[in-house]
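The values are calculated or read from the model by the stated rules, or taken from the named source; none is laboratory data. These numbers come from a predicted model, not from an experiment. As a convention, Cβ positions derive from the backbone with ideal geometry for all residues, glycine included, and neighbour counts pool all protein chains shown. We work out accessible area using only protein heavy atoms, side chains counted, and drop any ligands, DNA or RNA first. Shrake-Rupley method; radii C 1.70, N 1.55, O 1.52, S 1.80 Å.
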Amino acid sequence: MRIGFNVFVIFVCVIAQIIAKKRNEKAQRWTLEIVNTFKHDSNAFTQGLYWEEEEGVLYEGTGLEGRSSLRKVDLNGTVIKRHNLTYRHFGEGIARFKDKIFQLTWRNHIVLVYDREFNYITEYHWPKEGWGLTHDGTNLIISDGSEFIYFVDPNTFDIVRAINVRDGERSIKNLNELEYIDGEIWSNIWYSTEIAKIDPTTGKVNALIDCKDLGVHNKGGDVLNGIAYDQKGKRIFVTGKLWEKLFEIKVFPVGQTQPSPLQSSSSSPASTPTPVTSSSGSSTAIIILFVIGGVLLILLFMWKKRKTRVIVDVATLLKNLDRSRSS
C-alpha cells in the first residue's frame, strides 16, 4: 500500500511540474501582412469594432465626451447610420449578441443596450471601467484596462468567471478592444503595437502579433485599437483611434512564409489553412487525461496487490484447516 502511495505522490509532482512549465511558456512572436487598405474616418476615436456578416459592413463604437457614437460603416469609410451618445457618456467597446447591441462606457459604469436599428432598449450597471467587449456565443467578454478579462451573463450582467492574462510569468495589463476569433480572444494592448491572442480558458497568451508595420495613420499619434473578424470570408480588419485607414491583414509566426488568413498559434506550417485553436487548453486536457490514467493504474496495482494478499490469506486458512482435521 505504501509503495503505491509513494508512486502516486511522485506521479502528481511530475505532472505539477509539467503544468507549471506549460503555464510559464512565453508567447510565440507573430507578424502580419497587409492584404487590403480601406478608408477610415479620421474623426472616429475607435473604441469598438465588429463585422456584421449579414449586412457586409462594420459596426464601430467611438469615444471621447461629446463625440461618442455607435455607427454602421462600409469599407469605403462611409457612415451609413449613426447614433450619438449623450455628452456625459464616453463610449467604449461594442458587440452584438443575438439581436441586441451592447456598448460599454468608460467610467460611467453603464452598459447601453440597443436593438439592431440603434433604438435604446435598456442599460446595465457595470462596476468596473469599460474598455473592450466581445462574446463567445454564450457570455459577453469584457476588459477593464487591467490584466483581467471577465465573462459576463448577457441577461443579468453577473460576472460568471474571470481570467488573468499572462505571457509566461508576466501579467499583460492595459487589455483594450477585444474580438473573439475561432476559439481565442484577440486583444489590443493600449499604447502598444501588439495584439495578444489569448486562451479563453487559462488566460495564457498564445501569441503576440507585432503590428508596427501598420505605422501611425493620424496626426495626433493615437494608438492601434479596433479588431473585427469576418468569419465567413476569414478576413481580419484592424484600425486605430483617429486613423485615416483600416487594414485587412494576414497573421503568421515570425520566420514563416505568409500563410492563409488564419493559422493556429500551436500549429506547424501547413499547406492548408489550419483553424485557430486553444493550444494550452488542449494541452491541459491531455495532462488531465494522463493524471486520470495514472491514478487508475495505481489503483489497479493496489487492487491486484490486495487481491493477491487475499488469495494468500485464503490459501493459508485452508491449509490450517486441513492440518486441524489431520490432527
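Give the ranking of Thr86, Thr105 by solvent-accessible surface, highest area first, calculated with a 1.4 Å probe. Mind showing how you got there, number by number?
Values: Thr86 75, Thr105 5 Å².
The most accessible residue leads, giving Thr86, Thr105.
Could you order peptides 206-215, 41-50 by the average number of other Cβ atoms within 10 Å of their residues, highest first? If you can, show how the numbers build up before the last one.
Numbers: 206-215: 18.9, 41-50: 24.2.
Ranking, from highest mean packing down: 41-50, 206-215.
Taking H as built 1.01 Å from N, whose amide H comes closer than 5 Å to the amide H of His89, not counting residues under 5 places away?
Gly66
When the distances between all Cα atoms of the stretch 32-117 are binned every 5 Å from zero, what whole-number percent does each bin get?
With 5 Å bins starting at 0, P(r) equals 3, 15, 26, 25, 17, 9, 4, 1.
How big is the stretch 67-204 in terms of Cα radius of gyration and Dmax, in angstroms?
14.8, 45
Read phi for every residue in the stretch 81-97 and hand back ³J(HN,Hα) as whole Hz from Karplus 6.51 cos²θ - 1.76 cosθ + 1.60, θ = phi - 60°, with x for Gly and Pro.
Along the stretch 81-97, the couplings run 8, 8, 10, 8, 7, 5, 4, 7, 9, 9, x, 9, x, 10, 7, 9, 10 Hz.
Work out from phi, with θ = phi - 60° and the Karplus expression 6.51 cos²θ - 1.76 cosθ + 1.60, the ³J(HN,Hα) of each residue of the stretch 40-47, listed in order in whole Hz, and give x for Gly and Pro.
9, 5, 6, 9, 8, 7, 4, 10
So how many Å³ per residue does the convex hull of the Cα atoms of the stretch 129-169 work out to? Show your work: numbers first, answer last.
Details: hull volume 3.1 nm³, N = 41.
Enclosed volume per residue, from the Cα hull, is 75 Å³.
List every residue whose amide H lies under 5 Å from the amide H of Thr31, counting only residues 5 or more places away in sequence or on a different chain, with H placed 1.01 Å from N in the peptide plane.
When sequence neighbours closer than 5 places are left aside, the close amide H contacts are Asp210, Phe252, Val254.
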